[in-house]
Amino acid sequence: MAEKNKLMLELEEMQTQAHQALAEIQQETDLQKWHTKTFGRTSLLINVFSRLPEVAKEERPVVGHRANEIKTALETEYLAKQSAIKQAALQRNLSAEKLDVSLPGRSPLQGRLHPQTQTLRQIYNIFAEMGFQVYRSPEVETDEYNFELLNMPAYHPARDMWDTFYTTKPGVILRTHTSPGQIRAMREFAPGPIRVVLPGMCYRYEQMDASHEIQFNQVELLAVGKHITFGDLKGTLTDFARRMFGEEVQTRFRPSYFPFTEPSAEMDVECFVCGGKGCAICKGGGWLEILGCGMLHPVVLRNGGYDPEKYTGFAAGLGPERISMLRNRIPDIRYFWANDIRFLEQF
Ligand code: DAH
């Protein structure tokens, strides 16, 4: 064959260079530049046919044929390189991220209700079945509502039992019990009949120990109307105890004293740990005190807007923390508000 013509030599030269350049490429972006240079509009491979007139007529088919061969060969190399680069990138990602798809998943932490929210809701449910509504009253109270209107004037010695936190504003305190809510509910509903539970936080100035906290919940019970008797009080509270602690539970009422009720009593339930025989939980007595109660004092009724000659009512105050402690044998009241997840997780 005759000596190769110039165009043919250019083609061969171009192929060698493209081949070598491709071998060195590592990056996708460089590969794209290479592709444009090799197959783009200004490339020799694309323009070779318009340059065929430079070549002797009989050599033109040979040059054209060769150009096509080179084009196909370079295209094949290009595709191989492209997949090699992709593969390498994948390998790099895999080893950098170290994703182990066989690792078991981490289950998300599931929140739940605080044990006292659970106990409170249980109490609401029981009283709701007996027709009592939940009535909210403020935790920040006045001396007037917390003491005065509940028949405890400033000089009254019973105030000592309910010492509290005082704000810098005279007469504004943190409530020591839910009882001031009685006055608020009565003033809202008087002279209509009332059946409400008043739940919420109470605060006291206490020396803290296993059975004394400076904050705790109470649930107050209040019923006002005509012809309400001590029998209604006993029936309602006994029924509550049965629903809360079980059908078989024994209850007893002991006379007591509260300034806002007359007569007053405390209710005990038979110790459900020992069944009344006497154990460490009931301190040997066989009974557990769970609430204070009584018939509304005439002064309290009058302060609430009811004529004590025509209306009567009963009230009770129970401690849900105490109920939880007894039921779950929790030895220390301070656990409830200490925010220790190891305690809370158990409920
Ligand atoms: N408020 C009382 C206390 O905190 C509990 C109580 C006793 C509430 C008798 C009452 C009641 O409504 O009638 O110790």
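The values are calculated or read from the model by the stated rules, or taken from the named source; none is laboratory data. Treat the numbers as computed from the prediction; the structure is a model and nothing was measured. Glycine gets a Cβ as well: all are built from the backbone with ideal geometry, and neighbour counts include every protein chain shown. Protein only, heavy atoms only, side chains kept; ligands, DNA and RNA dropped before computing areas. Shrake-Rupley method; radii C 1.70, N 1.55, O 1.52, S 1.80 Å.
Across every direction, the projection of the convex hull enclosing the Cα atoms of the range 49-126 has a mean area of 13.2 nm². Local charge sum around LEU109 (other residues, Cβ-Cβ under 15 Å, Lys/Arg +1, Asp/Glu -1)? Every neighbour counted, the sum reads +2. For the range 123-169, the per residue solvent-accessible surface stands at 58 Å², with DNA, RNA and ligands left out and a 1.4 Å probe. Surface composition of the chain: carbon plus sulfur atoms hold 53% of the accessible area, using a 1.4 angstrom probe and ignoring ligands, DNA and RNA. Just to confirm the number: angle between the C-alpha axis of helix 60-97 and the first principal axis of the chain, 0 to 90 degrees, nearest 10? Between helix and principal axis, roughly 20 degrees. A run of the chain free of exposed loop cleavage sites, with trypsin sites (Lys or Arg not before Pro) counted only in DSSP states other than H, G, I, E and B and at most 16 other beta carbons within 10 Å, reaches its longest extent at 137-225. When the alpha carbon gyration tensor of the chain is reduced to an equivalent ellipsoid, the three semi-axes, largest first, read 94, 23, 18 Å.
Show log10 I(q)/I(0) for the range 223-263 at q = 0.26 Å⁻¹, two decimals, from a solvent-free Debye sum over equal Cα scatterers. So the normalised log intensities work out to -1.00. The spacing between the range 306-347 and the range 246-267, judged by their C-alpha centroids, is 16 Å. With all projection directions averaged, the alpha carbon convex hull of the range 94-199 covers 14.1 nm². Can you find, among ILE290, PHE272, GLY225, the residue farthest towards the positive end of the dipole of the range 193-347? Put +1 on the C-beta of Lys and Arg, -1 on that of Asp and Glu. Sorting the options by dipole projection puts first GLY225. With loop membership from DSSP and a limit of 11 other Cβ atoms within 10 Å, the longest segment of the chain without GluC sites (Glu not before Pro) is 4-246. Net charge dipole, the range 46-125: roughly 540 debye, given to the nearest 20, about the Cα centre with Cβ charges of +1 for Lys and Arg and -1 for Asp and Glu. When all alpha carbon pairs of the range 1-151 are counted in 5 Å bins from zero, the resulting P(r) reads 1, 7, 10, 10, 8, 6, 5, 4, 3, 3, 3, 3, 3, 3, 3, 4, 4, 4, 4, 4, 3, 2, 1, 1, 0, 0 %. Against the chain, whose longest principal axis is taken from its Cα atoms, helix 180-189 shows a tilt of about 90°.
Think of the range 171-215 as having a plus end and a minus end, set by charges on the Cβ of Lys, Arg, Asp and Glu; of HIS212, PHE189, GLY171, PHE189 sits farthest toward the positive end of this dipole. Expressed per residue, the C-alpha convex hull volume of the range 31-71 stands at 51 Å³. Taking Cα atoms only, the orientation of helix 230-245 departs from the longest principal axis of the chain by about 30 degrees. Using the Cβ of ALA154 as centre and a radius below 15 Å, the other residues enclosed give a net charge of -4, where K and R count +1 and D and E count -1.
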